[in-house]
Amino acid sequence: MAGTEQRKLAAIMFTDMVGYSALSQRREALALELLEEHRGLVRRILAKHGGREVKTTGDGFLIEFPSALAAVQGAVAIQNAFHERDQLQPAERQIRLRIGIHVGDVVTREGDIHGDGVNIAARLEPLAPAGGICVSNAVYEQVRNKLEQAFASLGPAELKNIELPVAVHRVVMPWETLAERRRQKVETGWKPKRGAAAGRLNASKLAAAAAVVLLAGGLGWWFVHQSGQPTGQTTRAPTNAPTPVPENSPVPPDATYADQKSVAVLAFANLSDDKSNEYFSDGISEELLNALAKIPGLKVSARTSAFHFKGKDTPIPEIARELRVAYVVEGSVRKADTRVRITAQLIKAADGFHVWSDTFTRDLKDIFAVQDEIAGIIAKNLSLKLGVTSTAATVVNPDVLQLYFQGRQLWDVRSGEALEKMEAMMKRALELDSRFAPAEAGLAQVWVTRAFIRAAAAQHLEPELAQVESHANRAIELDPTSAEAFEALGTAALIRGRLSEAEAAFLKAVANNPNYATGWNKYAWLLERQGRVDAALVKYSLAQDLDPLVWSIHDGVSRGLLQVRRYAEAEKSLSQQETLPVVAPPTLANHSIALLFLGRTNEAKAKARQVAGGPLPGNWDLGLQEWCRGLAAWVLAETGERVEATAIAERLRTGAEGQRFAAGFALLALGREEEAYTALSAFPQQLIGYLWLLAQRHPRLSEDQHFGPLLEKLAASDAYRTLRETLTRMQTQPAPGK
């Protein structure tokens with residue numbers, strides 16, 4: 001027998017089905033059915049990654065791979081496959097595995113394998129969370145720079161019958177919770193100081209820490225305001241959120257999760273005889289969303305992302321997955337004269353179970369009261385308590401309500417004509433009821449959007465800002481809980497350069513409604529304006545988690561990643577943005593910048609030419625398009641395409657006055673410094689984050705005699721100093737909590 005033995009180095013994987021023994025005692029037939037399904041799926045994946053099935057171990061596998069890389073890739077593929085499968089299965093039919101991997105010496109004998117390499121892999125498997133993968137340090141050292149996945153260190157573990165402690169690492173899976181990403185030390189991006197001692201855990205404590213089941217799970221473009229959509233696109237995103245995280249918390253911006261206290265309100269179906277009443281069913285849905293958003297501890301997906309699925313036959317589990325929520329509310333509205341019938345149901349996304357459903361028939365004047373009633377029932381079903389309710393009137397004139405809902409629907413269009421009609425409807429609503437706070441807040445939103453548009457052309461803004469402040473203050477007087485009014489007030493203060501006032505207003509907005517993605521987005525914009533880019537990135541990430549399908553929030557995240565020099569993450573984020581429902585010109589322009597900073601010159605040129613060379617997707621404002629073409633010209637100049645860059649820069653430099661600043665970056669890269677600084681002197685403060693990228697690309701820029709005066713003119717000297725201090729601190733210190 002000894003002649004058949006062979007000693008070799010191999011990567012060993014152990015797997016185990018979570019909860020199989022308990023299930024087999026309760027429902028043996030189901031357990032056996034799932035066991036066979038599990039074996040078939042694992043075997044299909046093994047064949048693709050070079051794995052050799054050594055044997056089955058009851059409800060698990062012992063598998064040999066030719067390399068550590070093949071083993072981890074195979075494990076990730078297995079867990080991804082089961083995760084995707086489970087999204088469409090009820091809880092009792094879900095299959096979750098734990099996987100442990102080690103690489104070491106093994107002895108092969110008659111097809112079986114033995115030795116410490118096998119023993120260590122077997123001891124690592126129980127340390128993995130359900131749906132997770134644990135690997136030894138020997139595996140980690142061989143694969144850490146070869147995979148997209150990040151790793152979290154769990155420290156040294158004392159394993160049974162293994163003489164020395166083994167350093168253990170956990171693979172960070174894509175669906176893990178935001179909270180878990182914050183808590184764990186992720187071994188990419190933020191680095192601890194050299195020599196920092198790792199804590200030592202015994203195996204029992206490590207297993208308890210690792211046993212958590214991981215659940216599935218911006219700066220809006222300057223003049224497009226909250227939603228960042230082009231004319232004609234659905235846009236608004238008013239809405240509560242997770243508990244605010246510390247400013248410098250290193251939250252991975254792509255972290256996704258499905259908090260069990262989370263819900264999305266889909267657009268209710270319009271069952272009225274008059275199909276033009278769709279604005280009314282949309283309004284009902286939105287007001288219910290707003291009522292739920294004020295429930296403490298409940299995460300509510302923003303309207304813009306939730307309404308993306310309107311009119312589409314998308315399965316509930318898929319919707320929940322994209323919106324990162326555990327529950328979905330859907331329903332219908334039938335309106336007849338002054339009466340309305342609302343049917344609503346709360347659905348658990350994991351298994352499609354209808355937790356609650358009911359029908360409410362009310363007078364239109366009581367519509368806000370019935371929405372509070374529905375919100376209360378949903379809160380009770382999720383074991384939550386209602387928070388502070390709005391002080392706006394709960395009894396409303398039906399004509400006022402109709403005007404308000406019609407105006408809000410126009411808000412989704414955002415064209416100049418639509419804003420004029422919305423303004424007229426809100427004013428008419430206030431003529432009928434001068435104390436209707438939502439209409440005052442709506443007027444503040446109209447005027448703040450106009451201010452953004454005019455700011456792009458460097459026009460005088462005092463009339464618009466005065467209107468914003470007047471209507472926002474009146475809305476707050478009538479309803480101190482109005483998050484939208486505080487956000488509008490903060491935006492006006494930010495445009496005026498009153499940064500302390502702006503910060504106070506934004507913080508009040510998100511305190512009133514922690515699910516208000518636009519409030520977090522605007523607060524992030526303020527932090528970016530101040531040079532506090534690490535804190536800005538955290539707030540952009542919060543907004544993104546609440547409104548995951550809106551390009552403008554993703555734009556803030558990717559720009560923040562560029563500013564903190566996490567270029568590869570930024571490029572990955574931008575690639576994902578190009579799959580969103582709306583692909584905006586800034587997405588393409590920023591992608592070219594990310595590729596430039598990564599040194600991927602040919603790809604950067606191609607992306608820049610896509611922006612510069614022809615019509616851009618969507619019906620976007622000309623100022624936005626020209627600014628993006630200016631960025632494209634900068635990238636082309638930086639990559640040696642001087643003729644193309646010069647042609648674009650000349651056209652911008654001699655074009656409309658409000659767009660000449662867009663030529664500045666390219667002119668600087670072309671060596672035409674005097675002309676560049678003349679153009680940049682009109683640089684909008686809304687875009688100051690791009691100036692940080694320019695300085696990052698040209699480190700000696702701060703020594704240029706023109707740069708200091710430019711910062712003074714733009715009132716950005718303090719912000720630039722803060723930016724440099726922030727980046728220095730991030731380079732020399734570990735992230736908080738590490």
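The values are calculated or read from the model by the stated rules, or taken from the named source; none is laboratory data. Quick caveat, the model's predicted, so the values are computed rather than measured. Neighbour counts run over all protein chains shown; Cβ positions are idealised from the backbone, glycine included.
Structural remarks
- Residues of the range 98-112 that are aliphatic (A, V, I, L, M) and under 18 Å from D16 (Cα atoms): I99, I101.
- Members of the range 558-595 that are buried (at least 18 other Cβ atoms within 10 Å of the Cβ), farther than 20 Å from L694 by Cα and among the β-branched types (V, I, T): V582
- Just one of the listed residues (A237, A302) is surrounded by 24 or more Cβ atoms within 10 Å (Cβ to Cβ) and at pLDDT 80 or above, and it is A302.
- Flag for A75 being surrounded by fewer than 17 Cβ atoms within 10 Å (Cβ to Cβ) and within 30 Å of the chain's Cα centre (by Cα): no
- Residue list for the range 4-38, restricted to those being of a type outside the set (A, V, I, L, M, F, W, C) and within 28 Å of Q142 (Cβ to Cβ): E5, Q6, R7, K8, T15, D16, H38
- Within the range 35-73, the set of residues being under 17 Å from Y20 (Cβ atoms) and hydrophobic (A, V, I, L, M, F, W, C) comprises L35, L41, V42, F61, L62.
- Some residue of the range 640-661 being touching a Phe, Trp or Tyr at 6+ places or on another chain (Cβ under 7 Å), closer than 18 Å to L562 by Cβ and assigned to a helix (DSSP H, G or I): no
- Residue within the range 175-185 that is modelled with pLDDT of 80 or more, surrounded by 20 or more Cβ atoms within 10 Å (Cβ to Cβ) and closer than 24 Å to V42 by Cα present: no
- Matching residues in the range 495-525 - criterion: being surrounded by fewer than 24 Cβ atoms within 10 Å (Cβ to Cβ) and touching a helix residue (DSSP H, G or I) at 6+ places or on another chain (Cβ under 8 Å): I495, R496, G497, L499, E501, E503, A504, L507, K508
- Residue that is surrounded by the fewest Cβ atoms within 10 Å (Cβ to Cβ) [pool: residues in the range 119-161 that are out of contact with any His (no Cβ under 8 Å at 6 or more places or on another chain), part of a helix (DSSP H, G or I) and aliphatic (A, V, I, L, M)]: A122
- For F683, the conditions (1) in contact with a helix residue (DSSP H, G or I) (Cβ under 6 Å, 6 or more places away or on another chain); (2) over 29 Å from I495 (Cβ atoms); (3) not in a helix (DSSP H, G or I); (4) not aliphatic (A, V, I, L, M) are fulfilled apart from (2).
- Every test in (1) at pLDDT 75 or above; (2) farther than 28 Å from E84 by Cα is passed by K348 save one, and that test is (2).
- Against the conditions (1) over 18 Å from Q409 (Cβ atoms); (2) buried (at least 21 other Cβ atoms within 10 Å of the Cβ); (3) of a type in the set (K, R), K335 satisfies every one except (1).
- Counted residues, the range 84-99 - those being surrounded by fewer than 19 Cβ atoms within 10 Å (Cβ to Cβ) and not charged (D, E, K, R): 5
- Residue list for the range 534-559, restricted to those being of a type outside the set (A, V, I, L, M) and either closer than 21 Å to F309 by Cα or not in a helix (DSSP H, G or I) (or both): Q544, D545, D547, P548, W551, S552, H554
- So S434, is it small (G, A, S) and in a loop (DSSP other than H, G, I, E, B): yes
- Matching entry among A267, A320 (being under 15 Å from the mean Cα position of the chain (by Cα), at pLDDT 80 or above and outside any strand (DSSP E or B)): A320
- Meets criteria (closer than 20 Å to R7 by Cα and modelled with pLDDT of 90 or more) for I78: no
- The set of residues in the range 282-313 that are on the phi < 0 side of the Ramachandran plot and part of a loop (DSSP other than H, G, I, E, B) comprises K294, I295, P296, L298, S301, A302, K310, K312, D313.
- The selection criterion, being surrounded by 14 or more Cβ atoms within 10 Å (Cβ to Cβ), aliphatic (A, V, I, L, M) and closer than 17 Å to R98 by Cα, holds for L23.
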